[in-house]
1. All but one of (1) more than 16 Å from Val10 (Cα to Cα); (2) crowded, with 17+ Cβ neighbours inside 10 Å; (3) not acidic (Asp, Glu) hold for Leu105, so report the exception by its number.
2. What strands (runs of 3 or more DSSP E) completely inside the range 1-83 contain at least 3 residues that are over 30 Å from Ser110 (Cβ atoms) and touching a residue at least 24 places away in the same chain (Cβ under 8 Å)?
3. Do you know which residues across the range 81-125 are under 16 Å from Asp55 (Cα atoms) and either touching a Gly at 6+ places or on another chain (Cβ under 9 Å) or not basic (Lys, Arg) (or both)?
4. Scan the range 24-31 and tell me whether some residue there is buried (at least 19 other Cβ atoms within 10 Å of the Cβ) and touching a Phe, Trp or Tyr at 6+ places or on another chain (Cβ under 9 Å).
5. Taking the condition over 24 Å from Thr47 (Cα atoms) and modelled with pLDDT of 85 or more, does Arg81 pass?
Amino acid sequence: MGFDYVHSAVDDHSRLAYSEIHSDEKVVTCTGFLARAAAFFHAHGITRIERVLTDNAWAYRKGLAWKPALADLGATGKLTRAYRPQTNGKVERFNRALHDEWAYLRPYTSNTERSQALADFLHTYNHHRCHTALNGHPPISRVNNAAGQYSWPAVTAA
């Protein structure tokens, strides 16, 4: 028995999401996640990160490695207001999708099985799941698809 921590990043414009599962929320874990998330976004055509909005966890407020990690990306950090989850609405909405459409969608036989299902959920979320905020398109439709390896259905308003 124990806990897993799902670290997630959501691009403000496209809603493209990246997540990893870790056993803790320590500074080294958070900074490593940030670097890998930035690389993921860069690989999808999001090459500039201006700001990183986080909750008020200790790693983001007091962690000595956090500010240099932001500086390496050329980004600034911003903390959400305490007890105001709506400040971080896009990630909160993504967390709800994680909860409803992945973590508790069905009974898994093991934590390993659930962890392995995360990659499929993220692919579906980013490439196939329609978003009302994006006029029915998936997040990948708003980023540079240089490789041309994904397509999405055209949605027209009547």
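1. All conditions pass for Leu105, except number (2).
2. Values: elements: 5-10, 17-22, 51-54, 76-79.
Strands (runs of 3 or more DSSP E) meeting the threshold: 51-54, 76-79.
3. Scanning the range 81-125 gives Ala82, Tyr83, Pro85, Gln86, Thr87, Asn88, Gly89, Val91, Glu92, Phe94, Asn95.
4. Of the range 24-31, the ones buried (at least 19 other Cβ atoms within 10 Å of the Cβ) are 30-31.
Keeping just the survivors that are touching a Phe, Trp or Tyr at 6+ places or on another chain (Cβ under 9 Å) gives 30-31.
Yes, the range 24-31 contains at least one residue that is buried (at least 19 other Cβ atoms within 10 Å of the Cβ) and touching a Phe, Trp or Tyr at 6+ places or on another chain (Cβ under 9 Å).
5. Values: over 24 Å from Thr47 (Cα atoms): yes; modelled with pLDDT of 85 or more: no.
No; evaluated as a whole, the condition is false for this residue.
The values are calculated or read from the model by the stated rules, or taken from the named source; none is laboratory data. The structure presented is a predicted model; accordingly, all values stated were derived computationally and were not measured. Cβ: placed from backbone, ideal geometry, glycine included. Neighbour counts: every protein chain shown.
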